[in-house]
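The values are calculated or read from the model by the stated rules, or taken from the named source; none is laboratory data. Quick caveat: nothing in here was measured; it's all calculated off a predicted structure. Cβ atoms come from the backbone with ideal geometry, glycine included; neighbour counts cover every protein chain shown.
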Amino acid sequence: MFAVYEECSLRFTVVEHPDGLTFLAAMRTLSLYVAWSITHVCLAQELRFQHVTTDQGLSDNAITCLLQDRDGFLWIGTERGLNRFDGQRVDPVIGSEHAIAGITEDSRGSLWVATKDHGLLQVDRERRKAKPYRHVEGDPKSLANDQLTAVFDLNDTTLLLGSREHTLIFMDKRTQAFSYWADSTSLEPSRALPRPTGLAGWCHTITALDDHTLWIGTLNKHQSFLVDRANLKITTHLVIRRPGSETQTCAVRLGDTLYTGGWQQGIDAVPFTMGDLNGRPLITKPRVIPTADEVLSLVARPDGTLLAGTRGSGLLVYDPRTGRTTTVHHRRSETSSIPSDRVRCMLMDRSGTLWVGTVNGLAYHAPQVWRIRTTPLLSGGEEEEIELMFHRLEAEGPQGVRVFTSDGF
């Protein structure tokens, strides 16, 4: 196989790098090193990345969560604070120097941040400064526990918080009063209790599957919840029964299928349904997509494929049309690979750019920058029998190229 990058607006073939370095195929010759590198990288993986790390100003390289706000800015949660990225510059948020668990933007443009052990933060976007809401011993109106896992803007008046000890917590944005989920059939805040009634279980994730459906994942109970966002009714307690599938920590809807992952091997795939079961359990045996590792994040790509971030095995690309799974790994010799095989979160932004948060920095793949066309040089089963070495490339007219290999011209 031989591969080159193609600039669609020009008539000749080019090899483009987003940092500005461009190799024209119209050059007389290309060195053996460059030719081999192009071929090797293109064969190794389709997804190529640029990186944002502490070298560019991040407060920490261990990325935990991502959000694109209404103005297009990217907010990056790390183990040591929140950062704003405008595409060129990284700015840390003062007062957010904690492990960030989740970020949401409300209908008024206010930014709210859940932390793993320092409660809730409200971010002043102009001053990039955080105001804390924490547990205060002896104050029954304060947050009952500072260990949060997620945050979601439920409606104009209410935030929904995920908790390690109290499952779900409501915050009235008008009064800053907290209340605690107690109705297994509804997320209506008026049905909540003013104080928690003991430990209720660990909510791990709150995710909007679409404009109509909210998914809430839990740990150690095999179950998740589907919520109608219009009336806040819990329509389904989804119980996935297979050995080892106790945790439900990430989910994405792709077509008519709901894909979920957790702290176990395998991606569970079940038919997506919003049928009203009045909160009764829907016990289902999933179709399982095998993985070699735990699945920590899921995202759907515009081309209809599914991306899964794993605890230590890189990115998995699954095509539901063919059932084929491929893997994208960190490669020390390739600066355009992901920074680490430990992927903790992902985001597909509104422009189609894929953002991947790892334990060693943030990576992003912009399809409009990296364009690739692959051309087979051999036919039939020859590719498996012959290992080619590329020696030189020469331009052949405005659109062609001569390829000199160890198996001839």
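Take residue 72 and tell me if it is more than 19 Å from residue 361 (Cβ to Cβ), within 21 Å of the chain's Cα centre (by Cα) and crowded, with 21+ Cβ neighbours inside 10 Å.
On the way: more than 19 Å from residue 361 (Cβ to Cβ): yes; within 21 Å of the chain's Cα centre (by Cα): yes; crowded, with 21+ Cβ neighbours inside 10 Å: no.
No, not satisfied.
Quick one: is residue 308 touching a residue at least 40 places away in the same chain (Cβ under 8 Å), surrounded by fewer than 19 Cβ atoms within 10 Å (Cβ to Cβ) and under 24 Å from residue 69 (Cα atoms)?
Details: touching a residue at least 40 places away in the same chain (Cβ under 8 Å): yes; surrounded by fewer than 19 Cβ atoms within 10 Å (Cβ to Cβ): no; under 24 Å from residue 69 (Cα atoms): yes.
For residue 308, the condition - touching a residue at least 40 places away in the same chain (Cβ under 8 Å), surrounded by fewer than 19 Cβ atoms within 10 Å (Cβ to Cβ) and under 24 Å from residue 69 (Cα atoms) - is not met.
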Unmet criterion (only one of (1) in contact with a Pro (Cβ under 8 Å, 6 or more places away or on another chain); (2) at pLDDT below 80; (3) assigned to a strand (DSSP E or B)) for residue 363
(2)
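Conditions tested, residue by residue: (1) crowded, with 21+ Cβ neighbours inside 10 Å; (2) aliphatic (A, V, I, L, M); (3) in a strand (DSSP E or B).
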{"position": "61", "(1), (2), (3)": "yes, no, no"}
{"position": "77", "(1), (2), (3)": "yes, no, yes"}
{"position": "84", "(1), (2), (3)": "no, no, yes"}
{"position": "91", "(1), (2), (3)": "no, no, yes"}
{"position": "97", "(1), (2), (3)": "no, no, no"}
{"position": "109", "(1), (2), (3)": "no, no, no"}
{"position": "114", "(1), (2), (3)": "yes, yes, yes"}
With respect to the numbered conditions (1) of a type outside the set (Gly, Ala, Ser); (2) under 26 Å from residue 312 (Cβ atoms); (3) in contact with a His (Cβ under 7 Å, 6 or more places away or on another chain), which one is the sole condition not fulfilled by residue 264?
(3)
Sort through 80, 108 and tell me the only one that's modelled with pLDDT under 95 and not β-branched (Val, Ile, Thr).
108
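Conditions (1) exposed (fewer than 15 other Cβ atoms within 10 Å of the Cβ); (2) assigned to a strand (DSSP E or B); (3) in contact (Cβ under 8 Å) with a residue 12 or more places away in the chain, marked per residue:
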position: 244; (1), (2), (3): yes, no, yes
position: 267; (1), (2), (3): no, yes, yes
position: 270; (1), (2), (3): no, yes, yes
position: 294; (1), (2), (3): no, yes, yes
position: 302; (1), (2), (3): yes, no, yes
position: 322; (1), (2), (3): yes, no, no
position: 331; (1), (2), (3): no, no, yes
Please determine whether any residue of the stretch 278-289 is crowded, with 19+ Cβ neighbours inside 10 Å and outside any loop (DSSP other than H, G, I, E, B).
yes
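Quickly run through the stretch 209-238 and pick out the residues that are part of a strand (DSSP E or B), over 22 Å from residue 266 (Cα atoms) and not charged (D, E, K, R). So that I can check it myself, show each step before the final result.
At the first step, the residues of the stretch 209-238 found to be part of a strand (DSSP E or B) are 213-218, 223-228, 233-238.
With over 22 Å from residue 266 (Cα atoms) added as a condition, the list becomes 213-214, 227-228, 233-236.
213, 214, 227, 234, 235, 236 - these are the residues of the stretch 209-238 that are part of a strand (DSSP E or B), over 22 Å from residue 266 (Cα atoms) and not charged (D, E, K, R).
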Among (1) surrounded by fewer than 15 Cβ atoms within 10 Å (Cβ to Cβ); (2) within 28 Å of residue 154 (Cβ to Cβ); (3) touching a residue at least 24 places away in the same chain (Cβ under 8 Å) - the single one residue 256 does not satisfy
(3)
Collect the residues in the stretch 221-269 that are under 16 Å from residue 208 (Cβ atoms) and acidic (Asp, Glu), keeping them in residue-number order.
228
With 144, 192, 200, 177 as the choices, which residue is in contact with a Phe, Trp or Tyr (Cβ under 9 Å, 6 or more places away or on another chain) and exposed (fewer than 14 other Cβ atoms within 10 Å of the Cβ)?
177
Looking only at the stretch 151-181, and only at residues there that are without any contact (Cβ under 8 Å) to a residue 40 or more places away in the chain and of a type in the set (Gly, Ala, Ser), the one that is nearest to residue 213 (Cα to Cα)
179
Taking residue 101 as the residue in question, decide whether it is farther than 20 Å from residue 234 by Cβ, part of a strand (DSSP E or B), small (Gly, Ala, Ser) and modelled with pLDDT of 95 or more.
yes
